[in-house]
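Since the structure comes first, as structure tokens, the remarks are kept for the end.
The values are calculated or read from the model by the stated rules, or taken from the named source; none is laboratory data. Since the model is a prediction, treat every value here as computed from it, not as a measurement. Counting neighbours? That spans all protein chains shown, and the Cβs are built from the backbone with ideal geometry, glycine included. The area values use the complete protein model at the heavy-atom level, side chains included, leaving out ligands, DNA and RNA. Shrake-Rupley method; radii C 1.70, N 1.55, O 1.52, S 1.80 Å.
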Amino acid sequence: METTATHPHGSTAALAPIRFETEPSRYRHWKLSFEGPVARLAMDVQEELGLRPGYILKLNSYDLGVDLELADAIQRLRFEHPEVRSLIVESAKGRIFCSGANIHMLGLSTHAFKVNFCKFTNETRLNLEAYAADCGVKTVAALNGVCAGGGYELALACDEIQLQDDGNSAVSLPEVTLLGVLPGTGGLTRVVDKRKVRRDRADVFNTVAEGIKGRRAQEWNLVDAVVPSSRFAATVADRARAAAARPATHGRALPGVPIAPLGGRYTANGLEHRHVSLKIEGRVAHLTLRGPKDAPPADAAAARAQGNDLWLWRAARELDDALLDLRLNRLEAGLVILKTEGDLSLVLAHDRFLAAQAEQDWFLFEVCQQWKRTLKRLDLTARSLFGLIEPGSCWGGTLFEIALACDRTYMLDDPSRPTAVALSSLNRGAYPMSNGLTRLATRFLGAPEALAAAYADDGPFDAGTALEAGLVTLAPDEIDYADEVRIAVEERASLSPDALTGLEANLRFAGPETLETKIFGRLSAWQNWIFTRPNATGEMGALTLYGRPERPVFDWRRT
């Protein structure tokens, strides 16, 4: 499969699909090193090695390829290096930390790619924050120079920001002034929600293109400390070593568990993993997850020995890869039909094993967190999601979270071909959504009695009792099932994709607003809208003209 993108001077060229797996020996833009319990992740972007042709990654600017390596590094820190207690995020270049997302790359990209790139960037920053929160690993951003835009967003995702005091180093979010777009949405949100910068000061900060440096940056809480150049490296190292002296969480200790390639088979019409299949048929994608064939391991040690062959871990990784492939390579598919295949009792047995072991064993805790992150990726997928519960399916526990993530579910009610769904203890808090609630709590937001009943009874439920309990949307009988599903699919495929994206993004996150829901709500609505407006991306828009001598021409009417 190939995609087409616009290049300089209006030419077009076929581009190979994006692949999302990498490993440290293939990194081109990051250097991961270790000093006992202290890890260092140094950004050293190679200008000529962009993911796509047509732009140069100057000044430690980044594109999706840079972010894919960062995401992989965070994943490997979690699974392969449980000995790490603190992480320094730094630059390998002098006088520049990171100048943010590459502007020329954005200018050459399609609208869909820009939005999906921003979404992946924000997911990666949130995963860095989750690494610190879940594993007790303190993250320190060492800003040895200019730190702008997405570079400052990366710093904001760390626990602590150290800024070099040298008359040059500064932090900035210049998107409004230079590009006519939002500061990645995560930048805006973290400045006021996470760092609690006063709104009036944040207003000034976001409209000063050159940024803020020195004591003012510290006074306004844009950074935690400003350190003279002569003591900067030593201070950062001291902070990391002090943090690394803290005890580990969840008994994190060597040996780690290596991450092996998934080895999937990708075609023009989908992909095939061991436990996950994706098949594209026109505007409809069929995503199928296969349950385990064997009983769970005997204990945590046996699970670690299985490593990449552990169903619980591999299935989550394969689903995550399929969702990214769907998001960035399969734009034609607007509706995803999700199914499962397998033995429901085996799925529930694996859930019981994970629930019993995850709080005692660091590796299985990480497997649980992998599922949490993957399920959030599903929630944030800008596709309509229909779940089909049919004979031979295994919608239980962890896999039933996928059904709960769907916009609607259809369960066949046929006594001659029975179907069943079931819950497990993991449905009661192991996999919170971006709003901080479980998917069951979000579903029953206005029905506490139904939520209490769902938490009290794991089932299994046949079609009738599942419908009565509110666990599925519709349960047609054998006469109506095929027609109801067909009509629903045809209707969904006929609706405006833009309207559906807005609909789904609003309905999926009922309940309290959090930093995460703000980030992705703004990304789905405001950033999506701003990116299509002529003030940003028109012929005379600020993003279009960036780096050229012409000044942007704005439509001054506020809307």
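Equivalent ellipsoid of segment 440-499: semi-axes from √(5λ) of the C-alpha gyration tensor, largest first, are 27, 18, 7 Å.
What's the FRET efficiency of SER494 with GLU210 using the Cβ-Cβ distance as r and R₀ = 45 Å, to the nearest 0.05? Taking R0 as 45 Å, the efficiency between SER494 and GLU210 is 0.35. Between the C-alpha center of segment 173-206 and that of segment 410-448 there is a gap of 37 Å. Look at the dipole of the chain built from charges on Cβ: of ALA475, PRO37, ALA450, the Cα furthest out on the positive end belongs to PRO37. Roughly what angle does helix 311-329 make with the longest principal axis of the chain, taking Cα atoms, 0 to 90 degrees, to the nearest 10? For 311-329 against the chain, the angle is about 60 degrees. One Cα centroid belongs to segment 272-335, the other to segment 95-125; the line between them spans 27 Å.
Here each label is just a point 7 Å from Cα along the line to Cβ, and for PHE34 and GLU332 those points are 4.5 nm apart.
Protein chains only, probe 1.4 Å: how do LYS376, LYS293 rank by accessible area, largest first?
Accessible-area ranking of LYS376, LYS293, largest first: LYS293, LYS376.
Mean projected area of the Cα convex hull of segment 105-175, taken over all directions, amounts to 5.4 nm². The portion of the accessible surface of the chain made up by carbon and sulfur, rounded to a whole percent, is 53 (1.4 Å probe; DNA, RNA and ligands excluded).
Using only Cα coordinates, the Kirkwood hydrodynamic radius of segment 412-467 works out to 12.3 Å.
P(r) tail for the chain: Cα pairs beyond 45 Å make up 16% of the total. Size of segment 153-295: Rg and Dmax of its alpha carbons, in Å, are 23.1, 62.
What segment 320-389 shows is 24 Å² of accessible area per residue, with the surface traced by a 1.4 Å probe over protein heavy atoms.
Coordinate range of the alpha-carbon atoms in segment 333-431 per principal axis, descending: 42, 34, 19 Å. From the Cα gyration tensor of segment 309-386, with a ≥ b ≥ c the square roots of its eigenvalues, which class applies: rounded if a/c is under 1.5, or else prolate if a/b is larger than b/c, or else oblate? Prolate. Solvent exposure of segment 398-494 amounts to 43 Å² per residue of accessible area, where only protein heavy atoms count and the probe is 1.4 Å. Shape analysis of segment 139-221 places it in the rounded category; the axes a ≥ b ≥ c from the Cα gyration tensor give an a/c below 1.5. Take every DSSP beta bridge whose two residues both sit in the chain; close to 35 percent of them are antiparallel. The Rg/Rh ratio of segment 61-147, with both radii computed over alpha carbons and Rh defined as the Kirkwood radius, is 1.00. Dividing the summed -39500 (n - 2.57) terms of all DSSP H runs of n ≥ 4 by the residue count of the chain sets its mean residue ellipticity at 222 nm at -11500 deg cm²/dmol. For segment 126-257, the solvent-accessible area with a 1.4 angstrom probe is 38 square angstrom per residue. Charge dipole (Cα centre; +1 on Lys/Arg Cβ, -1 on Asp/Glu Cβ; no other charges) of the chain amounts to roughly 2120 debye. 3J(HN,Hα) along segment 201-207: 5, 4, 4, 5, 4, 6, 10 Hz, from the Karplus curve 6.51 cos²θ - 1.76 cosθ + 1.60 with θ = phi - 60°, whole Hz, x for Gly and Pro. Pairwise inverse Cα distances across segment 266-419, averaged and inverted, put the Kirkwood hydrodynamic radius at 16.0 Å.
Is the shape of segment 381-523 rounded, prolate or oblate, going by the alpha carbon gyration tensor and its root eigenvalues a ≥ b ≥ c, with a/c under 1.5 for rounded and a/b larger than b/c for prolate?
Judged from the Cα gyration tensor, segment 381-523 comes out oblate (a/c at least 1.5, b/c at or above a/b).
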